[in-house]
Amino acid sequence: MNDVADMAGVSKASVSRFIGDDRQLLSEAIARRIQHAIDTLGYRPNQMARGLKRGRTRLIGMLVADIRNPYSIAVMHGVETACRKHGYSLVVCNTDRDDEQERLHLAALRSYNIEGLIVNTLGHHLDELRELHSELPMVLVDRKVDQLESDLVGLNNVDAVTQALDHLHHTGYRDILMITEPQDGTSSRVERVDAFKTGLAQRSGLRGQVCETGPALRDHLRAFLDDQGHGPKALFTGNGVATLSTTRQLHALGCHLFDDIGLIALDELDWYPLVGSGITSLAQPTHDIGVTAFECLLNRLRGDQEPVRLYDFPAQLIVRGSTRQRS
């Protein structure tokens, strides 16, 4: 910075204003001289050091449970897009569903002096999360964390499941198997299964059951396919991971997609149109969820003291050949 100031013939304070938030205080002539010196010398300010000195790093942390999950990637893209628009950078930490990794990442994020945190995990380290929340704003995505008073952005799960059951009922399916990832306490999975069971009870003529992905999935699917007598059968997968596991097992069983069985999936992934005649889906507005999570965090950073809010987005039904009309 001293070299830039010497070459431009200005004070170090003027260079600091130029690369900071007070550039408007400089005349056009001085600003041009400083820019010329920066370009000539190849000067690059240390943004982290500047942030620490000012008490602002313009870093936002994001803690995700599984970065391999397409949902996490899509939401993350929305968050990062909004961060960039407002001059922030995103630091992403993947817990890989490991409680010890979550604890380590929380400590690392605190050491980075992040200004806010977006959380998409089970939150098993509640004490650490609550302590961090006392220091900075925090927004939850998709998953509630009990006893953590934070804004929550995600899908309206009850509405999504209701749309799925209404569509299957209308198209003539009567025997439905819901497939979900293991119930490990993730609030969105619990809400979807509960809404499925409630919806079945409210619809005359529908029969349903729930199973989980894992080693026993193929046996569950085989038994469901072999069980006759209650009418046309359909599968309802609770997210993209469950959909991929299910279609793999159906192929292994030699099932004729989608003649032997119907399928509707929660989440919309790029490969859905490519399977058979296409998989009917309930698309989550993942980009909007990510953007809203950041904007909600930004409002809190700017002093919003309103009570915690719930932002629940509706799913969009996309009909393809996997749920063709049954007699």
Exercise. Would you pick out the residues in region 153-197 that are outside any helix (DSSP H, G or I) and either under 26 Å from Leu126 (Cβ atoms) or without any contact (Cβ under 8 Å) to a residue 24 or more places away in the chain (or both)?
Worked result: Val153, Gly154, Leu155, Asn156, Thr180, Glu181, Pro182, Gln183, Asp184, Gly185, Thr186
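Condition (residue is under 17 Å from Thr323 (Cβ atoms), free of Cβ contacts under 8 Å to residues at least 60 places away in the same chain and in the same structural domain as Ile261 (by TED's automatic domain parsing)) applied to region 208-221: is it met by at least one residue? Walk me through it before giving the result.
Filtering region 208-221 down to residues under 17 Å from Thr323 (Cβ atoms) leaves 208.
Within this subset, residues satisfying the condition of being free of Cβ contacts under 8 Å to residues at least 60 places away in the same chain are 208.
With the extra rule that they be in the same structural domain as Ile261 (by TED's automatic domain parsing), the set shrinks to 208.
The answer is yes, given that some residue of region 208-221 is under 17 Å from Thr323 (Cβ atoms), free of Cβ contacts under 8 Å to residues at least 60 places away in the same chain and in the same structural domain as Ile261 (by TED's automatic domain parsing).
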Seminar exercise, completed: Here the residues within region 247-264 that are touching a residue at least 40 places away in the same chain (Cβ under 8 Å) and either of a type in the set (Gly, Ala, Ser) or buried (at least 22 other Cβ atoms within 10 Å of the Cβ) (or both) are Phe258, Gly262, Leu263, Ile264
For this session: Can you confirm whether region 284-291 contains a residue that is under 21 Å from Asp142 (Cβ atoms), buried (at least 21 other Cβ atoms within 10 Å of the Cβ) and touching a strand residue (DSSP E or B) at 6+ places or on another chain (Cβ under 7 Å)?
Result: yes
For this session: Would you be able to say whether some residue in region 191-203 is outside the structural domain of Val79 (by TED's automatic domain parsing) and among the β-branched types (Val, Ile, Thr)?
Result: yes
For this session: Taking the options Gly262, Gly208, name whichever one is in contact with an Asp or Glu (Cβ under 9 Å, 6 or more places away or on another chain) and either over 30 Å from His77 (Cβ atoms) or not hydroxyl-bearing (Ser, Thr, Tyr) (or both).
Result: Gly208
Exercise. How about region 88-129: which of its residues are out of contact with any strand residue (DSSP E or B) (no Cβ under 8 Å at 6 or more places or on another chain), over 14 Å from Arg143 (Cβ atoms) and of a type in the set (A, V, I, L, M, F, W, C)?
Worked result: Leu104, Ala107
For this session: Among the residues of region 12-42, count how many are among the small types (Gly, Ala, Ser) and under 12 Å from Met1 (Cα atoms).
Result: 5
Exercise. Which members of region 206-246 meet the condition of being touching a His at 6+ places or on another chain (Cβ under 8 Å), among the hydrophobic types (A, V, I, L, M, F, W, C) and surrounded by fewer than 16 Cβ atoms within 10 Å (Cβ to Cβ)?
Worked result: none
Seminar exercise, completed: Of the listed residues (Phe294, Phe224), the one being touching a residue at least 24 places away in the same chain (Cβ under 8 Å), within 25 Å of Tyr71 (Cα to Cα) and of a type outside the set (Asp, Glu) is Phe294
Problem set entry | Close pairs from region 301-327: first closer than 23 Å to Ile114 by Cα, partner surrounded by 16 or more Cβ atoms within 10 Å (Cβ to Cβ) and among the charged types (D, E, K, R), Cβ under 8 Å, at least 6 apart | Leu301/Glu115; Val308/Asp151; Arg309/Asp151
Exercise. For Leu126, which of the numbered conditions (1) touching an Asp or Glu at 6+ places or on another chain (Cβ under 9 Å); (2) in contact (Cβ under 8 Å) with a residue 24 or more places away in the chain; (3) aliphatic (A, V, I, L, M) fails to hold?
Worked result: (2)
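Restricting the search to region 277-313, which residues are closer than 18 Å to Leu168 by Cα and of a type outside the set (A, V, I, L, M)?
Ser277, Gly278, Thr280, Ser281
The values are calculated or read from the model by the stated rules, or taken from the named source; none is laboratory data. Predicted model only: the values in this text are computed from it and were never measured. Cβ: placed from backbone, ideal geometry, glycine included. Neighbour counts: every protein chain shown.
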